[in-house]
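A.B. asks: Below are the structure tokens for one structure; questions will follow.
The values are calculated or read from the model by the stated rules, or taken from the named source; none is laboratory data. Just so we're clear, the structure is a prediction, and the values are computed from it rather than from any experiment. No Cβ is skipped: glycine too gets one built from the backbone with ideal geometry, and neighbour counts run over all protein chains shown. Keep in mind that these areas ignore ligands, DNA and RNA; they rest on the heavy atoms of the full protein, side chains included. Shrake-Rupley method; radii C 1.70, N 1.55, O 1.52, S 1.80 Å.
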Amino acid sequence: MLPIRQRLPGESRVWLTAMGLSIGLAMVATLLGVVGWYGIGVFWPKRVIEYRVLEDGKTSQVAGVVVQRRSKIGTKGEPIEEIQLYTGNRETYGLAFRYLAVPSIKEAPTPQNILLVERVENGNLIAYPNELISLGGQTVKPDDPTFTPRLHALLEEVADRREEIYALERHEIGKISRRLNELRRSKQDSDAPAIAELEQRSTELSAKAKELRKRQNEHTLAVTLPTGEKKRYSLEKLIDAYYPNQLGTMARCGRFFANIWNFASQRPRESNTEGGIWPAIFGTFFMTILMSAAVVPFGVITAIYLREYAKQGPMVRSVRIAINNLAGVPSIVFGVFGVGFFVYFVGANIDQWFFSNKLPEPTYGTGGILWAALTLALMTVPVVIVATEEAIAAVPRGAREGSLACGASKWQTIQRIILPASVPGILTGLILAMARGAGEVAPLMLVGVVKLAPTLTIDGTWQSEDLIPFVHLHQKFMHLGFHIYDLGFQSPDSDAARPMVFATTLLLILLVLVLNLTAILMRDRLRRRFAISAF
Amino acid sequence: MPTATEPPSAPAADRFQTSRATLVVDRVMTWLIKAGGIAVILAVCGIFVFILWQILPLFQGASVSRTGELALPAGSKPMALGIDEWGEIPFVVRADGSVAFIPISGSAPTTIAIDGVGAAGASAVSYRPMTQHLAIGTGDGRLALATVGYNAAFADNVRIIVPELTSGGSFDLGEAGRPLRAIAFGDGGSHKLVGAIQDGADRPRVLAAILTETKAMAGPGKIELGARIDVTERFAGVPQTVLVDERGESLLVVTTAGDVHRFRRNDDELVLQQTFRPFADLADARIASLNWLLGDVSLVATSASGANRLFSLFYQKELDARGFAQTKEFPPLPGGAHAYAPSVRSKAFVLAGEDRLSLRYGTSAAVRWEKPGAPVDLVALNGKYTRMVTLSGDTLQLYDLDDPHPQSSFGALFSKVHYEGADAPKYQWSSSGASDDFEPKLSMVPLLFGTMKATLYAMLFSVPIALLAAIYTAEFMHPRFRTIVKPTMEIMASLPSVVLGFLAAQWLAPLIDQRVPSVMCAVVLVPLFAVVFGRIWSGMPTRVRVHIRPGWEYLAFVPLLLLAVLLAWQLGPVVERLFFTVPDGNGGQLADFRRWWTATTGASYEQRNSLIVGFMIGFAVIPIIFTIADDALSNVPKALRSGSLALGASRWQTAMGVVVPTASAGIFSALMIGLGRAIGETMIVVMATGNTGVMDWNLFNGMRTLSANIAVELPEAAKDGTLYRALFLGAMLLFLMTFIINTIAEVLRQHLREKYKTV
């Protein structure tokens, strides 16, 4: 009788292949885990710890939030543990980040009454509050129970007024300046009274803004820094304040969601290292919509043409292969084409024909959201064509023939039978195209993305260069992917940019993941319905 | 509608006719769809056509066309010819010491006399087009300096140019009364050098003088004659002509025998540095002409026997100093050159030979344009390199010159070029430099090499993992996991490369920087664990083996993977201390892989290197190879697999012996498509390498790829300039490479699908 225990040949090598799959899955998990961990960690409010450090015989005090731990290999080859501390108070200390060697830390208490204040510039303030001074001399001390409510109320008032000033200066006065520029450029004498009136209005509004700014400085917060210095800060530059070490779990969750909301809805400050990324979200979103609006009609029409109208033969087969391959061409080539053709050729000609009075300053002859959308549309059109073609091919011949037998014309068959049945496939293609377009950065670098765009591409102003009112297709825009590149690669302060970059990366990955999973689910449902061969 | 009592009405005669509206709509939509479809297909082809159109000018030569003639007004013999930067007012310097400006528009010529020449007249004239300085040697041994200027005024958008002449002073140079036969001048700012050949009592003498300029607070400074040196005795031979470089540092004396003696200025003295014979190998070594190229670092030499060579100044080992040596050989110019004009924008120059006029380019040693014809006396190029003017007798011939990319040619872009100042030909890409006369070096080869390097390391990492994973998923994995594994791999494919690049640069690079030995241990340990565990496990009795059912191995391996990685991480420093140590200067040994690498291989080590880039591009490429290979393997007919198993083969034998060979075309096509993706990867390379154009295979330094180069340089390139078009050429190369690779892969796939149609 044969022994039951048989060594099957090659089993150990099967484990080698299993290793391949494990590594692949582990890589994905690690990457998503790293981004998720660091990304979410950005929003979770952390404790502020005060360190008493003994260095070179001197004791010093420094307080901050622990950002990361690392182990360095010291000069003698021994590993040294270090922690990187965010100490804030950049304008006082010179830098906002410090490395502390763990062995040199003597004590690390968590002081209850240390305050963390978010500011308009120079990062956060980490200090012990002394008193809140109002115009007129009244002071409130921190141990007074009305201190915190009063501080929050005043900060809210300052924030509202800040928004008012911003709206006044950016929108109102900005609108007037733009109109003044147009009138002055047209050099017509009949506009002189209008110009005078606008100038006067502009002066009035500026005076109002100045008045509001003066009121921002009415209250001051006096603090003692952890290193012992005493400083005073006008509330004008402060955004929000809280005691990080006094937060309970519920309060921390609340602050967590508040941080996420701020991140998604605010404008960036401090060369993109603080604040939010709302313009980038909007820019990505709007550009993707424009791209989809361009890609769907053309992709669907071409697919219908290839499938239904063109004579099937070697010619059409080679066209199909060519279009398939275009999906594999590097995106930078499309960017190059976008710059050369759309920006420098089409855009320059549009400027010549319609905007020659503004030359040599280019309107459409430079990068903008319209050209970016068209470039990406060209890049993703093959995806939509392929998906639509597969969807059209999957419609059973019986349905088609039945429709023709009932006397419908070719177009009626397409319109009433084939297209409705293909809509899920078209949508799948569209979603895949959107996912690809949202993630590509290389072509955008060349055709119209900027690090910081002062205005959104849709806002309340109606500019003379707009083809559609209120939609400024010639403006440059911000994009999530480019934001990551700019922050991660070109930021002057890479330590400060780190949290923003991870948070933005997390958001972009979530966006792309959601789009792709939707596409995958739809495709699976389709496949089950029509049971086609493997794609 | 007929009721029950009425008889049924006759059917409508036209009930089988389609409604007109339907027909019209059908026709319109047909037309629309055909137009739209063809338009999109054309647009897609248009990309290729557009890029091609942008790069063609790089490979074109110069086109020169004659536009007219001007008669020179009567006067004494013309000795030098020049033209303003716009090409509208050429001038001649006459032997009587005056400069005549002759506008080509036909308006009246202006004549201005040069101060300091006087009745003796000009016996030698040297004109430097770059600075528009004139140096005149008079018939009685004096030097007069002048600068030609053009004042451009605009009236009603029309440009009016008024020529003027500014005097720089006149100085006694040699023996009074004897004419100067040749003159050369170089303005080095505070010190200026003049060289001249003067008729002497018995033989011509070569004189040099150093002028100093004291700067005034406002206005031009005062130029004074300083030291005067006679160098005739310091060399052998009869002097033929002299040259001085634009910095006033060197004096070159050309003798009738064909020698060139180079003197270097050392404060107020001239020291003989080098003597060389440009045409030493020819029977007739006489030099017909010797002139500077833009920048005054290279010399264009023609011999009386028709050879044309370029000599450049660079460090020579034999001299242990900088010296002139031949770098280029041009096509011959019969009879040598009678006249010469350099371009002030590039290394282009015009030579007027015995039987032709030739426009040549220094760095590429190419003839850009040539016109046979009678010899001309003088020739000049304008500052914008758009017009050329020649003088024959008393007629000025005017030419329009169209040569937007003189420095570019197939050789300049793809072969080794010996650039000025370098000691050997090499491949180099550096598109911008600090000084104005920097010559852009635009070779595609380092970029192609960089692309190959990145692709090679990416494929080296990704192909084993992807193929092993695909084989496992298609052959051994339990089918229920397909719904998890396939989407996970698709998610891996959809991650934007900017995210991968960012993580590579900011997270992976610092992590691995000091831990390369750990990575090496991991590369060894993980497969080792897999194979060893597999061997042990497959030898276990069945009641033990049921715990890991077939198809679940990959899950069971995960803890082993983690263990192996952890072990490798800890083992890394140990290995480093054992094998990768360098002496640390205090007698002991320091364990540091990075320093060990630099010390042992001589190559550099950078934090952002090919290892990181290969890993991350591999990350992007693995899911692509995996998906297509998995498809190919899954499409192999089940009958083949079942048959093999039925005959007693183990699952490994079936997989490797039957399924994989059958699907080999599909696997190959998967590799090709992955290769295409790796070639075009931009963001990861931009963010995770140093973007340095190195050309070595060193794993621990960066590279510059075609795609990253375009992304970084195109925003700054001036439209339609040479750099702009060179970047488009890079895009075209990328396009062609990926298109060809993808077409081969696609054709293979279609072929395979036809072979194994499952529906």
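Okay, residues lined up against (1) within 12 Å of chain A (Cβ to nearest Cβ); (2) aromatic (F, W, Y); (3) crowded, with 23+ Cβ neighbours inside 10 Å; (4) under 19 Å from B:P496 (Cβ atoms):
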| site | (1), (2), (3), (4) |
| --- | --- |
| B:T600 | no, no, no, no |
| B:S604 | no, no, no, no |
| B:Q607 | no, no, no, no |
| B:F615 | yes, yes, no, yes |
| B:A620 | yes, no, yes, yes |
| B:F626 | yes, yes, yes, yes |
| B:D630 | yes, no, yes, no |
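A.B. asks: Checking B:V376 against (1) out of contact with any helix residue (DSSP H, G or I) (no Cβ under 6 Å at 6 or more places or on another chain); (2) open to solvent by less than 40 Å² (accessible area, probe 1.4 Å); (3) touching a residue at least 60 places away in the same chain (Cβ under 8 Å): exactly one of these is not met. Which one?
C.D. replies: (3)
A.B. asks: Next question. All but one of (1) surrounded by fewer than 18 Cβ atoms within 10 Å (Cβ to Cβ); (2) more than 19 Å from B:S76 (Cα to Cα); (3) aliphatic (A, V, I, L, M) hold for B:I104; state the number of the condition that does not hold.
C.D. replies: Tallying (1) surrounded by fewer than 18 Cβ atoms within 10 Å (Cβ to Cβ); (2) more than 19 Å from B:S76 (Cα to Cα); (3) aliphatic (A, V, I, L, M), B:I104 fails exactly one: (1).
A.B. asks: To continue, here is another question. Could you tell me which residue of the stretch B:632-659 is nearest to the other protein chains (Cβ to nearest Cβ), considering only residues that are open to solvent by less than 60 Å² (accessible area, probe 1.4 Å) and hydroxyl-bearing (S, T, Y)?
C.D. replies: That would be B:S650.
Yes/no per residue for (1) out of contact with any Asp or Glu (no Cβ under 8 Å at 6 or more places or on another chain); (2) within 14 Å of chain B (Cβ to nearest Cβ); (3) over 23 Å from A:G276 (Cβ atoms); (4) in a strand (DSSP E or B):
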| residue | (1), (2), (3), (4) |
| --- | --- |
| A:L444 | yes, yes, no, no |
| A:P454 | yes, no, no, no |
| A:E465 | yes, no, yes, no |
| A:H483 | yes, yes, no, no |
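A.B. asks: Another one. Given the conditions (1) away from chain A (no Cβ under 14 Å); (2) among the aromatic types (F, W, Y); (3) closer than 30 Å to A:I385 by Cβ, and given that B:W53 satisfies all but one, which numbered condition is not satisfied?
C.D. replies: Only one criterion is unmet by B:W53, namely (1).
A.B. asks: Quick check: is even one residue across the stretch A:122-145 surrounded by fewer than 14 Cβ atoms within 10 Å (Cβ to Cβ) and assigned to a helix (DSSP H, G or I)?
C.D. replies: Looking for residues that are surrounded by fewer than 14 Cβ atoms within 10 Å (Cβ to Cβ) and assigned to a helix (DSSP H, G or I), one finds none in the stretch A:122-145, hence no.
A.B. asks: Please give the number of the condition A:K106 fails out of (1) within 30 Å of the chain's Cα centre (by Cα); (2) not in a loop (DSSP other than H, G, I, E, B).
C.D. replies: It fails just one condition, (1).
A.B. asks: Please identify the pairs in which a residue from the stretch B:37-48 that is facing chain A (nearest Cβ under 7 Å) has its Cβ atom under 6 Å from the Cβ atom of a residue that is open to solvent by 70 Å² or more (accessible area, probe 1.4 Å) and assigned to a helix (DSSP H, G or I), counting only partners at least 6 apart or on another chain.
C.D. replies: B:V40/A:F298
A.B. asks: For B:S669, all conditions in the list (1) surrounded by fewer than 24 Cβ atoms within 10 Å (Cβ to Cβ); (2) modelled with pLDDT under 90 hold save one; what is the number of the exception?
C.D. replies: Failing condition for B:S669: (1).
A.B. asks: Tally the residues that are acidic (D, E) and under 20 Å from B:I197 (Cβ atoms), restricting the search to the stretch B:270-295.
C.D. replies: Here the count works out to 0.
A.B. asks: In the stretch A:503-518, which residues are facing chain B (nearest Cβ under 9 Å) and hydrophobic (A, V, I, L, M, F, W, C)?
C.D. replies: A:L508, A:I509, A:V512, A:L513, A:L515, A:L517
A.B. asks: Turning to a different aspect of this structure: If I filter the stretch B:695-740 down to residues being facing chain A (nearest Cβ under 8 Å) and over 15 Å from the mean Cα position of the chain (by Cα), which single residue comes out as most open to solvent (accessible area, probe 1.4 Å)?
C.D. replies: Out of the qualifying residues, it is B:K719.
A.B. asks: Out of everything in the stretch A:271-302 that is in contact (Cβ under 8 Å) with a residue 24 or more places away in the chain and within 8 Å of chain B (Cβ to nearest Cβ), what residue ends up being farthest from the chain's Cα centre (by Cα)?
C.D. replies: The qualifying residue farthest from the chain's Cα centre (by Cα) is A:T302.
A.B. asks: Assuming B:G200 fulfils every condition listed in (1) part of a loop (DSSP other than H, G, I, E, B); (2) out of contact with any Asp or Glu (no Cβ under 8 Å at 6 or more places or on another chain); (3) modelled with pLDDT under 85 apart from one, which condition is it?
C.D. replies: (2)
A.B. asks: Please find, among A:L432, A:L444, A:L473, the residue that is closer than 25 Å to B:A620 by Cα, touching a helix residue (DSSP H, G or I) at 6+ places or on another chain (Cβ under 6 Å) and open to solvent by less than 20 Å² (accessible area, probe 1.4 Å).
C.D. replies: A:L444
A.B. asks: Taking the stretch A:202-224 on its own, how many of its residues are over 18 Å from A:E131 (Cβ atoms) and open to solvent by 40 Å² or more (accessible area, probe 1.4 Å)?
C.D. replies: Of the residues in that region, 10 qualify.
A.B. asks: Next question, about the same structure. Suppose we filter B:V117, B:V162, B:V125, B:V158 for residues that are within 18 Å of B:S76 (Cα to Cα) and either open to solvent by 20 Å² or more (accessible area, probe 1.4 Å) or small (G, A, S) (or both); which single one remains?
C.D. replies: B:V125
A.B. asks: Identify, by number, the condition in (1) closer than 30 Å to A:S134 by Cβ; (2) touching a residue at least 40 places away in the same chain (Cβ under 8 Å); (3) not hydroxyl-bearing (S, T, Y) that A:K175 doesn't meet.
C.D. replies: It fails just one condition, (1).
A.B. asks: State which residue is surrounded by the most Cβ atoms within 10 Å (Cβ to Cβ) when the search covers only the stretch B:484-505 and only residues that are closer than 11 Å to B:I612 by Cα and at the interface with chain A (Cβ under 9 Å from one of its Cβ atoms).
C.D. replies: Here the residue is B:G501.
A.B. asks: Using the structure shown, decide if B:A522 is under 40 Å from the mean Cα position of the chain (by Cα), hydrophobic (A, V, I, L, M, F, W, C) and either surrounded by fewer than 19 Cβ atoms within 10 Å (Cβ to Cβ) or in a helix (DSSP H, G or I) (or both).
C.D. replies: It is true that B:A522 is under 40 Å from the mean Cα position of the chain (by Cα), hydrophobic (A, V, I, L, M, F, W, C) and either surrounded by fewer than 19 Cβ atoms within 10 Å (Cβ to Cβ) or in a helix (DSSP H, G or I) (or both).
A.B. asks: Anything in the stretch A:186-220 that is hydroxyl-bearing (S, T, Y) and within 22 Å of A:N357 (Cα to Cα)? List them, or say none.
C.D. replies: Selection gives A:S186, A:S190.
A.B. asks: Within the stretch B:468-483, work out how many residues are more than 7 Å from chain A (Cβ to nearest Cβ), under 17 Å from B:I625 (Cβ atoms) and open to solvent by 30 Å² or more (accessible area, probe 1.4 Å).
C.D. replies: Residues meeting the conditions: 1.
A.B. asks: For B:A688, work out the one condition from (1) crowded, with 20+ Cβ neighbours inside 10 Å; (2) more than 7 Å from chain A (Cβ to nearest Cβ); (3) free of Cβ contacts under 8 Å to residues at least 40 places away in the same chain it doesn't fulfil.
C.D. replies: It is condition (3) that B:A688 fails.
A.B. asks: What helices (runs of 4 or more DSSP H), lying completely within the stretch A:225-327, carry at least 1 residues that are of a type in the set (S, T, Y) and open to solvent by less than 30 Å² (accessible area, probe 1.4 Å)?
C.D. replies: By residue number, A:278-304.
A.B. asks: Starting from the stretch B:577-591, take each residue that is more than 9 Å from chain A (Cβ to nearest Cβ) and list its partners that are exposed (fewer than 13 other Cβ atoms within 10 Å of the Cβ) and hydroxyl-bearing (S, T, Y), counting only C-beta distances under 9 angstrom and pairs at least six apart or across chains.
C.D. replies: B:F580/B:T600; B:V582/B:T600
A.B. asks: Please specify each residue of the stretch A:332-341 satisfying the condition of being crowded, with 24+ Cβ neighbours inside 10 Å and either modelled with pLDDT under 90 or at the interface with chain B (Cβ under 7 Å from one of its Cβ atoms) (or both).
C.D. replies: Those that are crowded, with 24+ Cβ neighbours inside 10 Å and either modelled with pLDDT under 90 or at the interface with chain B (Cβ under 7 Å from one of its Cβ atoms) (or both): A:I332, A:V333, A:V336, A:F337, A:V339, A:G340.
A.B. asks: Now for a different question. Give the stretch A:357-383 a look and list any residue that's under 17 Å from A:H472 (Cα atoms), within 11 Å of another protein chain (Cβ to nearest Cβ) and not in a loop (DSSP other than H, G, I, E, B), or say none.
C.D. replies: A:L374
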